[in-house]
Structures are given as C-alpha cells and as structure tokens.
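The values are calculated or read from the model by the stated rules, or taken from the named source; none is laboratory data. For clarity, every value in this text was computed on a predicted model and none was experimentally measured. Cβ coordinates were reconstructed from backbone atoms using ideal geometry, including for glycine residues, and neighbour counts include every protein chain displayed. Ligands, DNA and RNA are excluded from the accessible area calculation, which covers all protein heavy atoms including side chains. Shrake-Rupley method; radii C 1.70, N 1.55, O 1.52, S 1.80 Å.
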Amino acid sequence: MWDLKCIASALCFTVSNILYVVHGILLMKQTSSSSSMDISASNTTETNHFYHSTSFNYTQWKSLDPTYIESQWIHRQEQRPILMCAALFGSLAWFWMVVPVVQSAWVLSRGGKRMVGTHVLLASLSVCGGIMELLARLLTVGMTNVANWLAKDFNLNNWTSDNDGTGWRVLEMIHMITNGMTLWVDAFETLAFFGITSVFFYSVAKEPKYRVKSSAMLEETIVGIELEGSDNSVSSAKPCSSPQPPAAAFAAVSLKVPCKPSFNKCFIYYGLVIGVFSLLDFIADVLRFVNWKVFGSLSMAMNILVGVFLLPIWLLCLARQLPLVTERFERSQRWAEIRSEGDDGERTSLVIKGGDVELS
C-alpha cells in the first residue's frame, strides 16, 4: 500500500524543479551570449539591433535603459509558459505534501500524547511552508501575467516626452521587487525542509527502544490465543481443557519487549542528509548578496540535487512507510481501548484475525 498524496507531491516537485532548471539554463545561455557581443554602437540602428537581441548586459540593466529593458521583456514573454508551469507544479507539490507530514506528526506523537511541542513544530513547518509557497506562487503567476500584459499592450514609451521610456523603467523595478519576494520564499522553503527532516530524525531517535509487558497483559494475551485456537469465534469459544495457570503465576512477571521504530533508520538518516543539503542551500541563498555569481551557482546546484533527486525519493519512501506506520498506530489504539474496557471489570474476549483486534 502506497500513500498517493506523497507520490503526487514527489511527481510535482520533480516536474517543477526540472522546469526551473530548464529556465535557468536558458538564462545562462542568454548571459553567456552577451560576452561575445560588442556593446559599443556608433549609431541608433546598431544600438537598437544590440538591445533587441536576447543577450543580458548587467551594466545596461542596472542603468535601467528603456530600450534594453524592452528587449528583455520580449525574451521573458517567450519564457513565460515555463515559469508559469513551474510555479503551478511547485504550489501543488507543497499542497500534496502538507497532509502526509501532518499525519506523520500525529502518528509519531501517539495521538498527541508524546513530545507534543516537537510534533506541533513539525506540523507547523509543513502547514506554514505549504501556505506560504502556495500563496507566493499563485501571486507570482498573477503578477507575471499582468506584467507581461502591460509590456505587450500598454503604452510604456511616451509618458512625459517622446520615447522617454519611463514606463519600462517602472515595470522593471516592479519586476525586481516581485522577484525579491519569491527569492526569500524559496529560501524559507529550504529552511522548512531542514526543519521537517530534522524533527523526523529527532522524534524517531527518541522513541523508546523497549517496552515492559506487564503480568496483566501477558494473561490477556494467553486468554486471547486460547480462544483463537478453539474455534476462531467468540460465540462458539469453549473453555480450554488444559489447566489454567494460577493468578499468582502472573503476579511478578514482566517482560522487556523490543519496540519496532515507527520509521526505519535508513529513512530517517537519509532525511537528515537532505536536511543538511537544504540548510546549505539556505546559506547559499543568503550569501548570494555577497557574491551573486559564486553562491548563485552553488544554490542552483543544491536546488537541482535536492529538488530533482533527493526530495522526491524521500517522499516515495514516506509513501511506502506511512500507511504501515498509521495502521500499527491505529491497531495499538484499538488494543489500548480494549484493555481499558477490560480494566472496568468486564470480561473482554479477544479474537485476532489477520493482525486486527476485534472487540466482541
């Protein structure tokens, strides 16, 4: 049994990050093409020919040259479908991931009875990250569509005088502010991944390795096994012919039973590795303002490694284990309810069928 929400999230993360990588490669080609072109032009015709190419020039962009900005918006309109699809798939990826992570937090906390604060933090990181990513991507899609509409159909050349280009300057500054907003949303996304995987590791590592099985639990287990062996039915169950052990035999009996961890060690250690790479990605995002070329390339490499390969595999592993962990948790909850009812003085008959515990 696989969790379909985790599978959908893994697929959406893979598609979204691949599209972002494709967009980044196109930008790198655009930047590299500018180094082979001569930026000095002696007349207006040559200048317009250069500006309407798809090359990127930092000096002209920083000076907010309106003709150059217009050429860049023509190029951005060609890449708009890639960015729109990447943003939408990224929003869907976080949307599908929220529920499995919150479900894992509930199961690891044993229904809110174990390490409540830690698992509330786990659920909060997932919910906050999902909401922020969803809203930011949808807002980005809307603002990008409107910006491209303005660049295509509105008058941005003649505001105060003929061909002053003030509208292009304003549009470019709005575009830069929008990109700055999504930059820090992406940085928080990597930090949220680090927090989620770290809390997963901490929670599973703190689970008890053994549990003590008391004498009452041993006696109830023996009674249940005898009833199962008689007829597998409560209604037709007959007393066992073999003599029952005296109650005194269970008086001081206790057994130390190993506990199976909720998630296996390979999964949580693999998640911790992803968390470390996500933390490095966050640090690279912050340091981009120190050296954009070096740390920007490092951040892109981390995004490719985590977003395209490591994170989807982690989600697929979670999809495989989460249904089994949830089933064990629900079974233990039913067993606890049966024991609590038996402690009230009622004789509880247990029938074990296919691993499920039923109350008759």
>> Quick check on region 135-145. Is at least one of its residues in contact with a Leu (Cβ under 8 Å, 6 or more places away or on another chain), buried (at least 17 other Cβ atoms within 10 Å of the Cβ) and modelled with pLDDT of 90 or more?
In response: no
>> Condition first: outside any loop (DSSP other than H, G, I, E, B) and in contact with a Ser or Thr (Cβ under 7 Å, 6 or more places away or on another chain). Now tell me which residues in region 201-213 satisfy that.
In response: Tyr202, Ser203, Val204, Val212, Lys213
>> Of everything in region 280-304, what is open to solvent by 60 Å² or more (accessible area, probe 1.4 Å) and within 18 Å of Ser198 (Cβ to Cβ)? Give them in sequence order.
In response: Leu280, Ile283
> All but one of (1) modelled with pLDDT of 90 or more; (2) in a helix (DSSP H, G or I) hold for Phe263; which doesn't?
Replying inline: (2)
>> Cβ contacts < 7 Å: first residue farther than 22 Å from Ser161 by Cα, restricted to region 60-83; second residue modelled with pLDDT under 90 and not in a helix (DSSP H, G or I), any location; separation 6+ or different chain. Result?
In response: His75/Thr54
>> Whether any residue in region 234-249 is within 30 Å of Thr326 (Cβ to Cβ) and at pLDDT below 90 is what I want to check.
In response: yes
>> Can you find a residue that is modelled with pLDDT of 90 or more, in contact with a Phe, Trp or Tyr (Cβ under 7 Å, 6 or more places away or on another chain) and farther than 26 Å from Ser9 by Cβ anywhere in region 149-165?
In response: yes
> Does Gly342 fit the bill of being at pLDDT below 90 and open to solvent by 30 Å² or more (accessible area, probe 1.4 Å)?
Replying inline: no
> Looking only at region 103-125, which residues are open to solvent by less than 30 Å² (accessible area, probe 1.4 Å) and over 20 Å from Glu327 (Cβ atoms)?
Replying inline: Leu122, Ala123
> Residues in region 80-92: is at least one touching a Cys at 6+ places or on another chain (Cβ under 7 Å), among the aliphatic types (A, V, I, L, M) and closer than 11 Å to Arg137 by Cβ?
Replying inline: yes
> If you scan region 1-48, which residues turn out to be at pLDDT 85 or above and over 21 Å from the mean Cα position of the chain (by Cα)?
Replying inline: Val22, His23
> Just a yes or no: is a residue in region 178-191 under 17 Å from Arg76 (Cβ atoms), open to solvent by 20 Å² or more (accessible area, probe 1.4 Å) and without any contact (Cβ under 8 Å) to a residue 24 or more places away in the chain?
Replying inline: yes
> Which of the residues belonging to region 64-102 are among the acidic types (Asp, Glu) and open to solvent by less than 60 Å² (accessible area, probe 1.4 Å)?
Replying inline: Asp65, Glu70
> Are any of the residues in region 193-211 modelled with pLDDT under 80 and open to solvent by 30 Å² or more (accessible area, probe 1.4 Å)?
Replying inline: yes
